[in-house]
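These notes are about the structure you will find just below.
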Amino acid sequence: MNKKRTVLDIRGMKQAGEKISVLTCYDYPTARILDDCGIDVLLVGDSVGVVFSGYDNTLPVTMDEMVYHTRAVARARTRALLVADLPFLSYQTDLRDARMNAGRLVKDGGAEAVKLEGGANVADCIRAVVDMDIPVMAHIGLTPQSVHRMGGYKVQGKGEEAGDRLFADALAIQEAGAFAVVMEGIPLGLAARITAELEIPTIGIGAGPGCDGQVLVIHDILGLCEKYSPKFVKRYADVKSIISEAAGRYSAEVKAGGFPTDEHSFH
Ligand code: KIV
């Protein structure tokens, strides 16, 4: 439970039939809590742009923002594997950009692996980053950086042809050297078939129970972000109500003169 998780452990968990728990994380105090409670992988996702910064989608997120959040999480994490997202335009342009930006997330951010979106189309990119000894987690299916091509956040891989394409993508990224793959928004049967075929672990989000692990966005499980509420989200707490109640009580006490009192003052 307390053993430091490495990419080798994450791969080994699939062989041992042990499920892998992954949560997004963007800041120091949350990272301390998640690291302590047994989460295997902390993902500094580019979802930070939506749930933390308030952008409409992940496309505006910059490398500097990713490095900043990754560094904050890295300072807290002692046990979980730390994976950071390569944001839009940081790896699609050419392989040198991919290598340089993956390197920045490791060198400046403290990440132990990077994640990037795409299938066979990014196989070269995965190979280039893996060749410089940076482990890569791939991400196929509903890839949020492709929101405009997909025409919205829609389930991918439906029907035989699309399913076969996604299967080929999964094999291509494994062949390119990815150590794990996130599968987002795909039919559960397809996800289970890919999981059975691949040697590397599959981490599902909206991909059913047949994956080797599961990832969700921390704000979603805590009830902190009401912008989108996809079907695959399960809320485990209503932290928004807790914050709202505490802040409301504080405000009321300040206005009524109930806080601060002598107890909170210096003499
Ligand atoms: O950006 C992100 O948080 C992600 C996960 C939801 C898989 O890519």
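Quick check: anything in region 66-76 touching a His at 6+ places or on another chain (Cβ under 8 Å), at pLDDT 95 or above, on the phi < 0 side of the Ramachandran plot and among the hydrophobic types (A, V, I, L, M, F, W, C)?
No: zero hits.
Listed residues GLY248, GLY204, GLY223, GLY152; which is free of Cβ contacts under 8 Å to residues at least 12 places away in the same chain, outside any helix (DSSP H, G or I) and within 24 Å of PHE52 (Cβ to Cβ)?
Going through GLY248, GLY204, GLY223, GLY152 in turn, the sole match is GLY152.
Checking the conditions here, which among ILE242, ILE194 is outside any loop (DSSP other than H, G, I, E, B) and either closer than 30 Å to GLY159 by Cβ or modelled with pLDDT under 95 (or both)?
When all the criteria are applied, what remains is ILE194.
Among the residues of region 221-267, how many are within 24 Å of ALA192 (Cα to Cα) and open to solvent by less than 90 Å² (accessible area, probe 1.4 Å)?
4
So that you can scan it fast, the table gives a plain yes or no per residue for (1) within 13 Å of the ligand (Cβ to nearest atom); (2) open to solvent by 20 Å² or more (accessible area, probe 1.4 Å); (3) in contact with a helix residue (DSSP H, G or I) (Cβ under 7 Å, 6 or more places away or on another chain); (4) among the charged types (D, E, K, R):
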| site | (1), (2), (3), (4) |
| --- | --- |
| LEU23 | yes, no, yes, no |
| ALA31 | no, no, yes, no |
| ILE39 | no, yes, no, no |
| VAL44 | yes, no, yes, no |
| PHE52 | yes, yes, no, no |
| VAL61 | yes, no, yes, no |
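Being in contact (Cβ under 8 Å) with a residue 40 or more places away in the chain and more than 16 Å from the ligand (Cβ to nearest atom) is the filter here, so list the residues in region 96-109 that pass it.
ARG104, ASP108
Per-residue answers, yes or no, for (1) open to solvent by 10 Å² or more (accessible area, probe 1.4 Å); (2) part of a loop (DSSP other than H, G, I, E, B):
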{"residue": "THR70", "(1), (2)": "no, no"}
{"residue": "THR93", "(1), (2)": "yes, yes"}
{"residue": "GLY109", "(1), (2)": "no, yes"}
{"residue": "ALA128", "(1), (2)": "no, no"}
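Can we say GLU112 is more than 11 Å from the ligand (Cβ to nearest atom) and within 17 Å of the chain's Cα centre (by Cα)?
Yes, satisfied.
The values are calculated or read from the model by the stated rules, or taken from the named source; none is laboratory data. Every value quoted in this text rests on a predicted model; they were computed, and no experiment measured them. Cβ coordinates were reconstructed from backbone atoms using ideal geometry, including for glycine residues, and neighbour counts include every protein chain displayed. Ligands, DNA and RNA are stripped out before the accessible areas are found, and what is left, the full protein with its side chains, is counted by its heavy atoms. Shrake-Rupley method; radii C 1.70, N 1.55, O 1.52, S 1.80 Å.
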